[in-house]
Amino acid sequence: MTTLLVQVHQRLGFALLLLLLVGVLLAVLAARLTGWLPTVRTYLWLCFAAISVQALLGILLLILGERPEEGLHLLYGPVTFLSLPIAAGLARGASRRTQAWTLAGGFLVALLLGFRALATG
């Protein structure tokens, strides 16, 4: 059972990297094209939901006694989880372009942290 959960956790991690990369690209486009910002905000919260599922799987694995290869994984996971809501909060109330660039930055931070979390196994 835990082997299956580890595999799902790893594969979802790789899928999240792709989703976050798309988020960066969408947010950059939203900085140039009017009307795209609501789509980017919705996409951000969908990505956050996927990261939440990933976090729950990670917590379940810890409870079942599975440990990551490196302890830093336990830092990168939660920081990745927080990066998108923080970006959304920082973007609130700013101009359209500033919001889009802030969200792009949030997606990029989540992408880099997610990559690092995968690298620490």
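Taken together, the values in this text are just the output of simple stated rules run on the coordinates, not laboratory data. All figures in this text were calculated on a predicted structure; none of them were measured in a lab. Every residue, glycine among them, receives a Cβ derived from its backbone with ideal geometry; neighbour counts consider all protein chains shown.
Tell me, in nm to one decimal, what length is gained between Ala49 and Thr98 on full extension, where the rule is 0.36 nm per residue of separation less the Cα-Cα distance?
Residue separation times 0.36 nm, minus the Cα-Cα distance, leaves 15.3 nm.
Taking 2.2 N^0.38 Å as the expected size of a compact globular protein, what ratio does the Cα radius of gyration of the chain give against it, to two decimals?
On the way: Rg = 15.1 Å, N = 121, 2.2 N^0.38 = 13.6 Å.
It is 1.11.
Could you tell me the center-to-center distance, by alpha carbons, between the range 93-121 and the range 18-91 in angstrom?
Taking the Cα centre of the range 18-91 as reference, the centre of the range 93-121 is 8 Å away.
What nm distance separates the two modelled labels at Thr34 and Leu12, each placed 7 Å from Cα along Cα→Cβ?
4.0 nm
Which ³J(HN,Hα) values, rounded to whole Hz and listed in residue order, are derived for the range 2-18 from phi using the Karplus coefficients 6.51, -1.76 and 1.60 in 6.51 cos²θ - 1.76 cosθ + 1.60 with θ = phi - 60°, glycine and proline given as x?
5, 4, 5, 5, 4, 5, 4, 4, 5, 5, 5, x, 5, 4, 5, 4, 5
Which value, in debye to the nearest 20, gives the size of the charge dipole of the range 2-119 about its Cα centre, when Lys and Arg are +1 and Asp and Glu are -1 at the Cβ?
Its charge dipole is roughly 520 debye.
Among residues other than Gly121 whose Cβ falls under 15 Å from its Cβ, what is the net charge (Lys/Arg +1, Asp/Glu -1)?
So the surrounding residues net to 0.
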